[in-house]
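Right, one structure below, let's go through it.
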Amino acid sequence: MGGIDTVGHPLLTLKSIWTSSRVLLSLIAIGGLVTLGLVLASAVWASRESDVAALDRQRELVENRLHKQVEDVASELELMAEGYANVIFSSNENAKIDVVGGESFGHIVRSIFGYDQAFVVSLNGQMALQTDSEAAGRYEWIRPLLAPMLQRATQTSADGGEPAQIVELMRLEGRPSLAGVVPITRMTSETSTPTQLYLIAYRYIDGPALDAFSQEQGLDGARFARASDPEANEVSFQINATGSQEPLGFIIWTPDLPGSRVVVRLVPALTTSAIIVAGLLGVLMVLLHRSLSDLQQSERKARHRSLHDILTDLPNRALFAQRLGQCLEDQRLSTKRSLVALVDLDKFKAVNDTHGHGAGDELIQAVAVRISGLLGNGDMLARLGGDEFALLLPDRAGDDRSYLDLCNRIVEELSKPFTLLAGKANASISCSIGITTVGIAAQSASEVLHLADIALYEAKSAGRGRCVEYSASMNRSATLREELKTDLSTLLRPSDTSVAMKGQGLEVFYQTIHRAVAGDHISGAEALVRWRHPTHGLLTPDKFISLAEDSGLILDLGSFVLRQACATAALWQNGGVVSVNVSPIQLRRPEFPDEVLHILDQTGLPPNRLELEVTETALMGGDEFLVQATLARLRAHCVMIALDDFGTGYSSLSHLIIFGIDRIKIDRSFVALLGTRKDGAAIVSAVVALSHSLGLATTAEGVETNEQRDFLIAAGCSDLQGFLFSRPVIEPDMTLKPPKAARPA
Ligand code: C2E
Ligand code: CA
Ligand code: CA
C-alpha cells in the first residue's frame, strides 16, 4: 500500500489572486473616480469663485455706472442751466424769462439731453416757464416729490453759499428716476447774481434708459422690478433713493458667469471620462475574471485528473488515502465505525493475456460500473491501480452485516460473465475482498489499508472468490509471513561468510509416481520442498512458496531444489524420472534453460530423467514466445515437460499444442470428485481421452483410494500419484524398477 499523497490547493491560490486583483482593480477604479470627482469638485469650486468675482465686478460696474450717471446728470444740468441763463439774461436784466418758448425748451431737454421732463421753477417752487399744459399738470403731481430737493438747493443759496446743483435718485411717477435741480445763475463779469430761477430735470432709469445701460454694460436681459424676484439664473441690484435710502427697486439681469460656463463645458467631458474609466475598468474586471475562470477551470481539471483514475474516472489511490485520512480524523472522537474493503479481481490477467489490453480495459470499466451500481449514498469506490479497487463505506449505525452483505453481493455480481469487445469476447472472473473496520484504535490510513490487505491476502489464500474480514489472528499470520520472508532471505542469500550454509533448513522430499498399467511399479518421483524452520517446525510449501515468489527468492529456492533433486535422482538405482516444480517466475527468465542444462551437467543426471512441472499461468503473461522457446530448447535436450494442475487454470487445448507438452497432470481436485460427484468420472475420462488423442501421457494426482486408482487405470491414465502409494518422504524407496518401455519417448 502506498503512503498518503497530500494534495495541495492551487484553487485557493487562484481564488486569492482573483480576490486581490479584484481589490486592486476596485482600488484603481475608486482612485480614478475619486480623482475625477476631485477634479470636478475643484472645477466647480473654482468656477464658483470666478462667478462670485465676476458677479462682484458686474455689480460694481452697475454701481459705478449709476454714480457716473448722477455725475453726468449734474454736469448736464449745469450745462443746460448755463445755456439757458445766457439766453435769458443776454439782452437785459429784466428780460422776460419766457424768451425761449416752453416747447422748444422741452424739446431740447428731451431730444438733445435725453431727459424725460424738465421744469424751470422760481424760488418758491412755482413753475416759472410755462411749457405745455401736460408739463404743468405733471409738475403739479410731482411737485411735492421734488420740493425737498428744491428746498435744499434754495436753502444753500439763501445761506449765501455757492448755488449748488443737487442730483438724486428717487421715485417719480412710480418709476426710478435720476432727478436734479440746478440754479439758473446770471453771470456778469464782476459778479454772479443769485438767481430766482431753478432748472429741474429728471429722467427715468428704467425702460429705454435701462436698455441702453444694459447694452453698454453688457448686462444680459436686464429689467427693472419693484421687488427683488430674480429667476434662478438671475441676480438683482438694489437701487436706493438718495436721501431717504428707501429702496426704489431692483435691476435684474442674467449675469455672465464664466466659471459656470467652464463647468458646463467641463461636465460632459469629465462625465465621459468617468464613464470611459469605469467602462475600461469594468472590461478589465470582466477579462480578468474570465481568464482567471479559465485558469481555475483548467486547474480544476488538472486537480481532478491528479485525483482520479483515467480509465474509470473513479477516485485514485491519492484521493482514497485523503478521504480515508479525513474519515479517521472524523472518527477520532466518535463511536462510528466505517469500513474499508480492498477488492482484487481474480483471473483478470488471463483476460488481458487472452483477449488483449483493450478487453482488459473494458473489463475494468465494466467492473467499476457493476460495483458502483451496488453502492449507496456516501459509499466511495476507488481504483488503486491494475485490477485493485478499494471501498470506503461510512458508518451504518453498527449494522455490520450490511457490510458483509454488500461485499458478498459484489463477489456474486463480479462472478457473472462479462461480454467484451462488442460481443466478440466473454470473460468469467471473480474477486477477492479483504475487509477491515476503520477507527477501532488510533490508526493511520496506511495502517488501515495494511489490515485490509492482510484480509485480502487471506481471502486469496482461502481460494479466492470470497470476502474475508480482518481479525487479529490474521495479523499474526501476516507478521509470521514477514518473519518467514526475512528468514528465507537469510537462508537463501547468506552473507559472504556463510555461503556454505546456503539453503540450510530446506529439505527436498519425494513422492513416488507409479505406472498405472504395471501395478505399483515406480516410474519416478516428484520433488516437493520442505522447510525445517528452527522455531516453526517443518513447513510445507504453501507456507512459503508464495512469499518466495513475492520477494523474488523463488529463483534461489528453485535452483536449490533443482540441483538437490537432480543430484539425488542421479543416485537412484532404478533410473526413475524426477519431477521438479518450476515457478512461472523461473520459467520467464531467459537464462533458465542454460541453468537447467548446467545443473544436469554438474549432477550427471541424464536430461531424459528430468521432468519439469509447469502451470498454465506460467505459459501465459505476455512472454509466450520466450517461454515457448525455453520449453522447445529443453525438450530438444530430452528434458520432459508436464503441465501441472491441469483443469484448474485455462485448460486450454491450444496451450497443449503450442507449447509442446509431454504430460498432463490431472489436478487432485478432479480425482477427488471420483466417487463423490456423478460428473467427476466424466470429467476425468474426458481429460484422459483428450491426452490420448494428443499423444500425451497423464498423471493423476492425489490418488487416495483404491476406487480412484481402479477407475483411473480403467480410464487409461498412464501414471498415478497419491497418498495411496506414498506420502512425500525424504528418502523414497526407489528400488522398484519400472518396466522398460513405460515412459513416453
Ligand atoms: P503440487 O505440484 O500439486 O504437488 C502435489 C501436492 O499434493 C503436494 O503438496 C503433495 O504433498 C500433495 N499430495 C500428494 N498426494 C496427495 C494426496 O493423495 N492427497 C492430498 N490431499 N494431497 C496429496 P505439497 O508438498 O504441500 O506441495 C504443495 C505445492 O507446492 C505443490 O503442488 C507445488 O505446486 C508447490 N511446490 C512444492 N515444492 C515446490 C518447489 O520445489 N518449487 C515450486 N516452485 N513449487 C513447489
Ligand atoms: Ca507438481
Ligand atoms: Ca499438481
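Given the structure, is M620 over 22 Å from S718 (Cα atoms), open to solvent by 10 Å² or more (accessible area, probe 1.4 Å) and among the aliphatic types (A, V, I, L, M)? Taking the combined requirement at face value, the residue satisfies it.
For the stretch 584-599, taking the residues that are open to solvent by 10 Å² or more (accessible area, probe 1.4 Å) and in contact (Cβ under 8 Å) with a residue 24 or more places away in the chain, the one that is farthest from Q721 (Cα to Cα) is identified as P590. Scanning the stretch 318-327 for residues that are among the aromatic types (F, W, Y), in contact with a Lys or Arg (Cβ under 8 Å, 6 or more places away or on another chain) and open to solvent by less than 40 Å² (accessible area, probe 1.4 Å) turns up nothing. Out of all the residues in the stretch 713-729, is one or more of a type in the set (S, T, N, Q), surrounded by fewer than 19 Cβ atoms within 10 Å (Cβ to Cβ), under 28 Å from A569 (Cα atoms) and within 16 Å of ligand 3 (Cβ to nearest atom)? For the stretch 713-729, residues of a type in the set (S, T, N, Q), surrounded by fewer than 19 Cβ atoms within 10 Å (Cβ to Cβ), under 28 Å from A569 (Cα atoms) and within 16 Å of ligand 3 (Cβ to nearest atom): present. Cβ-Cβ contacts under 8 Å between residues 6 or more apart (or on different chains), taken from a first residue in the stretch 546-558 that is in contact (Cβ under 8 Å) with a residue 60 or more places away in the chain and of a type in the set (A, V, I, L, M) to a second residue that is open to solvent by 40 Å² or more (accessible area, probe 1.4 Å) and part of a loop (DSSP other than H, G, I, E, B), are listed as L553/R493. Would you mind stating whether H308 is open to solvent by 50 Å² or more (accessible area, probe 1.4 Å) and of a type outside the set (F, W, Y)? Here the answer is no, as H308 does not meet what is asked. With the structure loaded, tell me whether D387 is at pLDDT 90 or above, more than 22 Å from S471 (Cβ to Cβ) and charged (D, E, K, R) or whether it fails that test. Yes, satisfied. A count restricted to the stretch 197-254 and to residues that are open to solvent by 20 Å² or more (accessible area, probe 1.4 Å) and part of a loop (DSSP other than H, G, I, E, B) stands at 17. Say we look at the stretch 600-614 and pick out the residues that are outside any helix (DSSP H, G or I) and either among the charged types (D, E, K, R) or open to solvent by less than 10 Å² (accessible area, probe 1.4 Å) (or both); which of these is farthest from ligand 2 (Cβ to nearest atom)? Here the answer is L605. Has the stretch 351-364 got any residue that is within 27 Å of A462 (Cα to Cα), open to solvent by less than 20 Å² (accessible area, probe 1.4 Å), small (G, A, S) and in a strand (DSSP E or B)? No - not one qualifying residue is present in the stretch 351-364. The residue pairs whose first member lies in the stretch 638-667 and is outside the structural domain of L690 (by TED's automatic domain parsing), whose second member is open to solvent by 30 Å² or more (accessible area, probe 1.4 Å) and within 15 Å of ligand 1 (Cβ to nearest atom), and whose beta carbons are closer than 6 Å, counting only pairs six or more residues apart or on different chains, do not exist in this structure.
If you go through the stretch 557-585 one residue at a time, how many are outside any loop (DSSP other than H, G, I, E, B) and either at pLDDT 95 or above or not assigned by TED's automatic domain parsing to the domain that holds T490 (or both)? Selection size over the stretch 557-585: 18. For L150, the test of being under 19 Å from S177 (Cα atoms), at pLDDT 80 or above, open to solvent by 30 Å² or more (accessible area, probe 1.4 Å) and assigned to a helix (DSSP H, G or I) is failed. Specify the residue that is surrounded by the most Cβ atoms within 10 Å (Cβ to Cβ); the eligible residues are those in the stretch 691-712 that are more than 14 Å from ligand 1 (Cβ to nearest atom) and closer than 17 Å to L656 by Cβ. Of everything passing the filter in the stretch 691-712, T698 is surrounded by the most Cβ atoms within 10 Å (Cβ to Cβ).
For beta carbons closer than 9 Å, sequence separation of 6+ or different chains, a first residue in the stretch 277-303 that is under 30 Å from P315 (Cβ atoms) and a second that is hydroxyl-bearing (S, T, Y), the qualifying pairs are L292/S21; E299/T13.
Screening V688 on (1) under 26 Å from N608 (Cβ atoms); (2) aliphatic (A, V, I, L, M); (3) near ligand 1 (Cβ under 9 Å from one of its atoms) shows it passes everything except condition (3). Of all residues in the stretch 636-685, exactly one satisfies the criterion of being within 15 Å of ligand 1 (Cβ to nearest atom), open to solvent by 30 Å² or more (accessible area, probe 1.4 Å) and acidic (D, E), namely D645. For the stretch 569-583, filtered to residues that are open to solvent by 40 Å² or more (accessible area, probe 1.4 Å) and touching a residue at least 60 places away in the same chain (Cβ under 8 Å), the residue that is farthest from ligand 2 (Cβ to nearest atom) is Q573. Look at D542 and say whether it is within 16 Å of ligand 2 (Cβ to nearest atom), loosely packed, with under 14 Cβ neighbours inside 10 Å, under 30 Å from V343 (Cα atoms) and at pLDDT 85 or above. In short, yes.
Please verify whether G680 is more than 16 Å from ligand 2 (Cβ to nearest atom) and farther than 18 Å from V614 by Cα, treating the condition exactly as stated. Taking the combined requirement at face value, the residue satisfies it. Quick one: which residue in V267, V277, V343 is β-branched (V, I, T), assigned to a strand (DSSP E or B) and open to solvent by less than 60 Å² (accessible area, probe 1.4 Å)? Just a single option satisfies the conditions, and that option is V343.
The values are calculated or read from the model by the stated rules, or taken from the named source; none is laboratory data. Since the model is a prediction, treat every value here as computed from it, not as a measurement. So basically every Cβ, Gly included, is an ideal-geometry build from the backbone, and we count neighbours across all protein chains shown. These area figures cover heavy atoms from the full protein model, side chains too; ligands, DNA and RNA do not enter into them. Shrake-Rupley method; radii C 1.70, N 1.55, O 1.52, S 1.80 Å.
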